[in-house]
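The values are calculated or read from the model by the stated rules, or taken from the named source; none is laboratory data. These figures come from a predicted structure and were not determined experimentally. We place every Cβ from the backbone using ideal geometry, glycine too, and count neighbours over all the protein chains shown.
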Amino acid sequence: MDFEKKEHPEFPTVNKAHVEQVIVPELSQWCLTNGVALASSENVYTAVAAPTTVFPTPVPRAAYQSAKQLQKPFNKLYAQIANSKWLLKETKSLAKADPEFTGRLFKLYEDRTAKSKQTLKYGIFRSDYLIDHKTASVKQVEFNTVSVSFGGLSSKVGELHSYLNVMGKYDVAGKSFYEPGELHVSESIVFLVKALAAALTLYKVDTEDTAAKREQDDKVVLFVVEPKELNLYDQKLLEYNLLKLYGINSLRATLDEVKTEFTYGRDNRLVHKKTGKEAGVVYYRTGYDVRDYAKEDHWDARGFLEESFAVKAPDLSVQLAGTKKIQQLLTEDKVISKFVDDAKTKKELMDSFVKIYPLDNSEQGKLGKKLALEKPENYVLKPQREGGGHNVYKKDIPAFLKGIKEDEWDAYILMELIDAKPTTKNFIVRDGKLSTEPIISELGIYGSIIFDGDNIHMNDYSGSLLRSKLVSSNEGGVVAGFGCIDSMYLMD
Ligand code: ADP
Ligand code: MG
């Protein structure tokens, strides 16, 4: 077929009244029908459509492709870090600077994770990028190694935008606006589920005596979740697809429920008391924030899971490889060179880094302190925390640092701000209402890796995510109310 290359504006030219009257109702119905939803905080039986954009946001195809290419090397790099003595050494000193959280995680690693007989490790990762305005290249914001979310909703929002396009909603005359192939639908649901199924299969092969036994489908995936999870349907999309595509059942438990509902069987196998089913894979969608361990029992429950024979996604070595401190250390040539031999790969990975400084007494640390106090407008200060809302931005940095003791500064890193270009032509829809403020988009690339020492069983790219946030907000928490799920229009 001969497609005449159409000269496109980047966004449909429909006016705001068309968006409000035609697109928003259609979009909201599609979201609610297809599970692009957040649970209501008041009533577990009701849901609201998750915030999304009206249009897909343009992303240079080359930027997406380069981020995608980086994922397998990043997966491998973080797997090697999780296996390394170097991680333990660095985490031990970080634990002193942040005893409340990193310290507790590290102690649990030593007391429980390190004692597990399970040698398979499993990372479900997401590397997040902003696209630098001047060079149009991707720059890494952070590398997440625990509880990465939105893999479910991301695929669905791609489908939503494709639907609106095909149905002619992006055009007043009812024609489709984008051409086939220009709208990207993230493969994250199927790819993440594929890796969960592979991990469970490896667990079975590893632990069963006969081929016949391997076929038994009494092994399940345990989702360890928060008690009042608003981003519930994102997880449910993975559960349902695990069943639909691979016939694998899953169970859910909060850190409160783990020890009452599960017990250790032979060799610390994790057995569900009520059904006798064995959880071969423990998939954490909680446990990344100090608030997830409000009670001492929660630490104990995590330890019970860590020391079990189940494959953990992730175990504490993989989780601790994802601290902001490790991200900062990797920007140093001599550090990344410990793990990446190939010069071309190393260069490609390092090209995605912006400058990150420690705030310790090293030369770089001294420079970091000076910049934090004298040029804060170019930087973001980050503690060893995940999940949004912990960072300190720009002019707030000096007063924040002066408010804590200087020997606590070690627990923070200072990162150069990435200058991404806002767009003024898209809209965010939240609860049926349009926001017309400019937005900035952050590209996430999912990755899955299953490994046993140096033996890598699976290393995959696992789909993508585009999240957009209001320019006026420093951070784009989707559930917190400042961001939304978007999808990509790949621009050549
Ligand atoms: P968290 O672990 O809390 O998600 P992030 O490092 O991802 O922490 O930061 C949260 C948000 O802050 C990001 O999604 C991004 O919007 C913004 N942000 C973080 N680092 C930078 C940076 N270097 N440049 C610009 N924005 C950033
Ligand atoms: Mg983040």
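Key figures
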quantity	calculated
Residue identified as more than 28 Å from Glu110 (Cα to Cα) and either in contact (Cβ under 8 Å) with a residue 40 or more places away in the chain or surrounded by fewer than 20 Cβ atoms within 10 Å (Cβ to Cβ) (or both) among Lys325, Lys369	Lys369
Of all residues in region 130-144 being surrounded by fewer than 24 Cβ atoms within 10 Å (Cβ to Cβ), more than 14 Å from ligand 2 (Cβ to nearest atom) and not polar (S, T, N, Q), the one that is farthest from Tyr233 (Cα to Cα)	Lys134
Candidate set: region 347-366, residues that are polar (S, T, N, Q) and surrounded by 15 or more Cβ atoms within 10 Å (Cβ to Cβ); chosen: the one nearest to Gln140 (Cα to Cα)	Ser352
Tally of residues being more than 17 Å from the chain's Cα centre (by Cα) and either closer than 16 Å to Gly387 by Cβ or of a type outside the set (Val, Ile, Thr) (or both) across region 126-145	5
Subset tally (residues that are crowded, with 22+ Cβ neighbours inside 10 Å and within 14 Å of ligand 2 (Cβ to nearest atom)) for region 145-157	5
Sole residue being within 20 Å of Leu232 (Cβ to Cβ), in contact (Cβ under 8 Å) with a residue 24 or more places away in the chain and surrounded by fewer than 24 Cβ atoms within 10 Å (Cβ to Cβ), chosen from Arg269, Arg291, Arg285	Arg285
Residue match in region 470-478 (condition: modelled with pLDDT of 95 or more and touching a strand residue (DSSP E or B) at 6+ places or on another chain (Cβ under 7 Å))	no
Test: residue in region 147-168 that is part of a helix (DSSP H, G or I) and without any contact (Cβ under 8 Å) to a residue 12 or more places away in the chain	yes
Matching residues, region 131-149, being out of contact with any Phe, Trp or Tyr (no Cβ under 6 Å at 6 or more places or on another chain) and more than 12 Å from ligand 1 (Cβ to nearest atom)	Lys134, Thr135, Ala136, Ser137
Subset tally (residues that are touching a residue at least 40 places away in the same chain (Cβ under 8 Å), over 14 Å from the mean Cα position of the chain (by Cα) and either assigned to a strand (DSSP E or B) or more than 10 Å from ligand 1 (Cβ to nearest atom) (or both)) for region 461-475	3
Boolean, Lys425 is part of a loop (DSSP other than H, G, I, E, B) and surrounded by 15 or more Cβ atoms within 10 Å (Cβ to Cβ)	yes
Hits in region 429-460 - residues which are of a type in the set (Val, Ile, Thr), within 21 Å of the chain's Cα centre (by Cα) and more than 16 Å from ligand 2 (Cβ to nearest atom)	Ile439, Ile449, Ile450
